[in-house]
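Every read-out reported here was derived from the displayed coordinates using simple, explicitly stated rules and does not represent laboratory data. Model, not experiment: these values are computed from the prediction. Please note: Cβ atoms are built from the backbone with ideal geometry, for glycine as well, and neighbour counts cover all protein chains shown.
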Amino acid sequence: MSRRTEACATAPLRFAVSDPDDLKLIALFTAANRLGRPLATTPETPVDRVRTLRAAFDATMKDPAFLKDAEKAPIDVDPVSGVDMEMETKRILATPAAIIQCAKALMQ
C-alpha cells in the first residue's frame, strides 16, 4: 500500500496514471532509481570485453566476502544486470524530445 505525505496528498499514484506521455515523463524522472550507481564504458568497447566485465561484476555481486564487507559498511547490494542496464539506458535515450522539453520545464 502506498502512503502519501501531506505535501503530495493530491498527486496521482504512479499506477493511476494512464496517459502514455505522462508515463514516459515519470519513467524519465525515475530512471535514476532504477539505475542506481551505474558502471559504464564507451560504446566502442568490444563485445567480448563487455561480456567479461559483466561476468566479473555479476560474480562480485554474489561473492560472499564482498557481501559480508558490504553488510559491515553498511551498503545495500541490489545489482542491476548489465543487460537490464543497457536496455534501460537505451529506453531513456529514446525518450521523445517533447517529453524531455516537458521535463526541463518542470525542473525550472
Point to revise | Highest-fluctuation residue, THR89, THR42, THR52 considered, GNM on the chain with Cα pairs under 10 Å | key: THR42
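Given +1 on the Cβ of Lys and Arg, -1 on the Cβ of Asp and Glu, and no further charges, what dipole in debye does the chain carry about its Cα centre, rounded to the nearest 20? Show your work: numbers first, answer last.
Numbers: 15 positive and 15 negative charges, 16 e Å.
Computed charge dipole of the chain: roughly 80 debye.
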Check your understanding: FRET efficiency for GLU86 and THR10, Cβ-Cβ distance as r, R0 = 25 Å, nearest 0.05?
Key -> 0.10
Check your understanding: Tell me, what HN-Hα J-couplings in whole Hz come from the Karplus equation 6.51 cos²θ - 1.76 cosθ + 1.60 at θ = phi - 60° for each residue of the stretch 77-89, using x for Gly and Pro?
Key -> 10, 9, x, 10, 5, x, 5, 5, 4, 4, 4, 5, 4
Check your understanding: Once log10 I(q)/I(0) by the Debye sum over Cα atoms at q = 0.15, 0.22, 0.23 Å⁻¹ is worked out from the coordinates, which option in (1) -0.65, -1.28, -1.37; (2) -0.89, -1.20, -1.25; (3) -0.67, -1.15, -1.21 does it equal?
Key -> (2)
